[in-house]
Amino acid sequence: MTDWTPRFDFNRRFWAGCVIALLSFSFLVVSILHSRETYKLSREGIQIEATVTDARTVTSNTEGSPKHVLTYTFNNNGQTQTNERVVPEHFFQTHPSGTIWTITALPDDTTRHQLYDGEKRETAIGALIFSALMTLFGTLLALSGPNLNALRHRLTS
């Protein structure tokens, strides 16, 4: 006699969706932590003058677009700190060697700073939106087709 009991098994989409959702959720948590730092900079940040000591363009053989790198120094509590960062082209063009401008830094940890207003906020918002959408996509992929019924069956059995 043939068994007509329906089988409630997960297909590959379920497992692929779970992997995408899990990785995206992990990225979402990291993005939230980055957003908290951005919020803290906007609320508690202090203004410090920085000076560009070196401005150069680096071109890699593997990547076609050049990277604009600024080396800059700033003083905090009598200590001189030097940092190097890849910056957007428009910022690079307006900050040649010798330029003095104001950065925003956390008073308790000046290694956490932003070079211009909104620098970290733009990155944080973009990462939050991207990771939230990818988490949603992974969840919808995992629960598409017969996978939702299989999940309901497993939870009620």
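Tally up the residues in the stretch 33-46 that are assigned to a helix (DSSP H, G or I) and either more than 12 Å from the chain's Cα centre (by Cα) or exposed (fewer than 14 other Cβ atoms within 10 Å of the Cβ) (or both), please. I'd like the intermediate steps shown before the answer.
Taking the stretch 33-46 and keeping what is assigned to a helix (DSSP H, G or I), we get 33-44.
Remaining after also requiring either more than 12 Å from the chain's Cα centre (by Cα) or exposed (fewer than 14 other Cβ atoms within 10 Å of the Cβ) (or both): 33, 36, 39-44.
Within the stretch 33-46, residues that are assigned to a helix (DSSP H, G or I) and either more than 12 Å from the chain's Cα centre (by Cα) or exposed (fewer than 14 other Cβ atoms within 10 Å of the Cβ) (or both) number 8.
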query: Any chance the stretch 47-54 includes a residue that's over 13 Å from Ile103 (Cα atoms) and at pLDDT 90 or above?
result: yes
- prompt: Does Phe10 meet the test of being of a type in the set (Phe, Trp, Tyr), in contact (Cβ under 8 Å) with a residue 40 or more places away in the chain and in a loop (DSSP other than H, G, I, E, B)?
  reply: yes
- prompt: Of Ser60, Ser97, Ser26, which residue is outside the structural domain of Leu133 (by TED's automatic domain parsing), among the hydroxyl-bearing types (Ser, Thr, Tyr) and without any contact (Cβ under 8 Å) to a residue 12 or more places away in the chain?
  reply: Ser60
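Taking the criterion of being loosely packed, with under 12 Cβ neighbours inside 10 Å, β-branched (Val, Ile, Thr) and either within 24 Å of the chain's Cα centre (by Cα) or not in a strand (DSSP E or B) (or both), would at least one residue in the stretch 66-75 satisfy it?
Narrowing the stretch 66-75 to residues loosely packed, with under 12 Cβ neighbours inside 10 Å: none.
No, the stretch 66-75 contains no residue that is loosely packed, with under 12 Cβ neighbours inside 10 Å, β-branched (Val, Ile, Thr) and either within 24 Å of the chain's Cα centre (by Cα) or not in a strand (DSSP E or B) (or both).
Looking only at the stretch 47-65, filter to residues that are part of a strand (DSSP E or B) and among the hydroxyl-bearing types (Ser, Thr, Tyr); which one of those is farthest from Thr111 (Cα to Cα)?
Of all residues in the stretch 47-65, those part of a strand (DSSP E or B) come to 47-58.
Adding the requirement that they be among the hydroxyl-bearing types (Ser, Thr, Tyr) leaves 51, 53, 57.
Values: Thr51: 15, Thr53: 17, Thr57: 23 Å.
Top of the filtered list is Thr57.
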statement: If we ask which residues in the stretch 108-124 are in a helix (DSSP H, G or I), in contact (Cβ under 8 Å) with a residue 40 or more places away in the chain and either surrounded by fewer than 17 Cβ atoms within 10 Å (Cβ to Cβ) or not hydrophobic (A, V, I, L, M, F, W, C) (or both), their number turns out to be 3
- prompt: If you take the residues in the stretch 99-149 that are modelled with pLDDT under 80 and among the small types (Gly, Ala, Ser), which one is farthest from Thr53 (Cα to Cα)?
  reply: Gly145
query: What number of residues within the stretch 94-107 are among the hydrophobic types (A, V, I, L, M, F, W, C) and assigned to a loop (DSSP other than H, G, I, E, B)?
result: 1
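The values are calculated or read from the model by the stated rules, or taken from the named source; none is laboratory data. Keep in mind the model is a prediction, meaning the values are calculated, not measured. For neighbour counting, all protein chains shown are included, and Cβ atoms are generated from backbone atoms with ideal geometry for every residue, glycine included.
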